[in-house]
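This report refers to the structure that appears directly beneath it.
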Ligand code: C5P
């Protein structure tokens with residue numbers, strides 16, 4: 001009998017930076033109530049899904065050695081959930097090509113999970129809508145719904161309740177990748193500790209930032225960027241202060257810690273300015289490596305490789 005082997009499905013999913021990350025109090029379920037504005041960036045992961053006789057995960061690229069390939073990987077969990085919904089066994093080989101720094105505060109693991117949901121929905125012809133995929137995404141992790149949605153969005157709740165935001169132009173970023181990762185729960189825990197011992201300033205509501213996004217002017221947006229997780233990230237990794245200083249000295253409009261860090265993100269005036277800031281930052285010896293990226297870009301989407 002002739003068996004037809006479907007060609008692999010390749011999905012690209014973006015990284016993210018939080019332009020505004022306001023962290024409220026610790027909830028009874030162990031999460032913090034957030035008000036955040038996400039932007040999806042062109043620095044991305046690709047995942048390739050190939051039908052197989054068992055479920056397996058392979059990882060290559062940026063920080064591959066630190067990514068688990070067992071059931072603790074979110075793509076594994078995404079495959080098991082979607083197979084359950086589809087009423088089939090999760091027989092697929094998942095090859096992840098990492099471009100997003102691991103444990104870098106840029107939602108790399110969430111991007112892979114979102115990509116797996118989109119790709120397997122197509123490969124297995126499950127037929128779930130984007131809203132149905134978003135509901136599964138929210139169970140997998142707080143940032144997975146945004147990795148699915150992409151663009152620029154206001155996030156509330158754990159970060160999983162999303163509203164699209166008007167962002168009028170393309171913004172240009174430089175990313176300083178750090179030597180070691182930071183654990184998200186540890187950074188949130190450090191914020192709780194700092195708040196127990198004092199009253200660190202908290203971000204207000206992001207209305208002005210939303211207006212600056214609508215204007216499309218990076219110079220208007222730059223002074224409004226803010227992240228309540230920056231103080232705890234710097235408390236755990238004081239060396240990041242030097243990185244942040246070096247970025248603005250190199251000509252960036254503003255810099256901030258991305259999400260829970262330790263990646264630092266620098267907003268630049270133009271694509272050319274970003275290239276120049278990246279070159280100068282590379283030579284400054286304040287980070288492991290430097291990337292340029294732009295945003296907003298779409299959420300997880302199937303690539304046509306033909
Ligand atoms: O949702 P996710 O599994 O990505 O979250 C990882 C951890 O980050 C949580 O277990 C929690 O410690 C922390 N977190 C939080 N508040 C949020 C999102 C994440 O405290 N809104």
- Message: Could you go through the stretch 18-36 and let me know if any residue there is modelled with pLDDT of 95 or more, within 16 Å of the ligand (Cβ to nearest atom), in a helix (DSSP H, G or I) and crowded, with 23+ Cβ neighbours inside 10 Å.
- Response: no
- Taking the stretch 244-262 on its own, how many of its residues are assigned to a helix (DSSP H, G or I) and surrounded by 24 or more Cβ atoms within 10 Å (Cβ to Cβ)? 1
- Going through the stretch 44-63 in order, the residues found to be touching a residue at least 60 places away in the same chain (Cβ under 8 Å) and more than 25 Å from residue 104 (Cβ to Cβ) are 51
- Message: Restricting to the stretch 146-162, name every residue that is in a strand (DSSP E or B) and within 16 Å of the ligand (Cβ to nearest atom).
- Response: 153, 154, 155, 156, 161, 162
- Task: Tell me which residues, restricted to the stretch 66-79, are loosely packed, with under 14 Cβ neighbours inside 10 Å and either more than 19 Å from the chain's Cα centre (by Cα) or not in a helix (DSSP H, G or I) (or both).
- Result: 68, 70, 71, 72
- Query: Hey, does the stretch 211-223 have a residue that's modelled with pLDDT of 95 or more and either under 23 Å from residue 29 (Cα atoms) or within 13 Å of the ligand (Cβ to nearest atom) (or both)?
  - Reply: no
- One residue from 43, 2 being modelled with pLDDT under 95 and either part of a strand (DSSP E or B) or over 19 Å from residue 124 (Cβ atoms) (or both): 2
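Of all residues in the stretch 217-241, count the ones that are out of contact with any strand residue (DSSP E or B) (no Cβ under 8 Å at 6 or more places or on another chain) and over 21 Å from residue 194 (Cα atoms).
Total satisfying the criteria: 3.
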- When you go through 179, 168 one by one, which is the residue that is touching a helix residue (DSSP H, G or I) at 6+ places or on another chain (Cβ under 8 Å), over 17 Å from residue 33 (Cα atoms) and modelled with pLDDT under 95? 168
- Please work out which one of (1) at pLDDT 95 or above; (2) within 14 Å of the ligand (Cβ to nearest atom) is the condition residue 92 fails and give its number. (2)
- Going through (1) under 12 Å from the mean Cα position of the chain (by Cα); (2) away from the ligand (no atom under 11 Å from the Cβ); (3) under 15 Å from residue 57 (Cβ atoms) one by one, residue 113 fails only at (2)
- Which of the residues that make up the stretch 168-186 are assigned to a loop (DSSP other than H, G, I, E, B) and either surrounded by 23 or more Cβ atoms within 10 Å (Cβ to Cβ) or near the ligand (Cβ under 10 Å from one of its atoms) (or both)? 178, 182, 183
- Check the stretch 269-287 and report whether any residue there is at pLDDT 95 or above, touching a helix residue (DSSP H, G or I) at 6+ places or on another chain (Cβ under 7 Å) and within 16 Å of residue 184 (Cα to Cα). no
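The values are calculated or read from the model by the stated rules, or taken from the named source; none is laboratory data. What you see is a predicted model, and the numbers here were worked out from it, not measured in a lab. For neighbour counting, all protein chains shown are included, and Cβ atoms are generated from backbone atoms with ideal geometry for every residue, glycine included.
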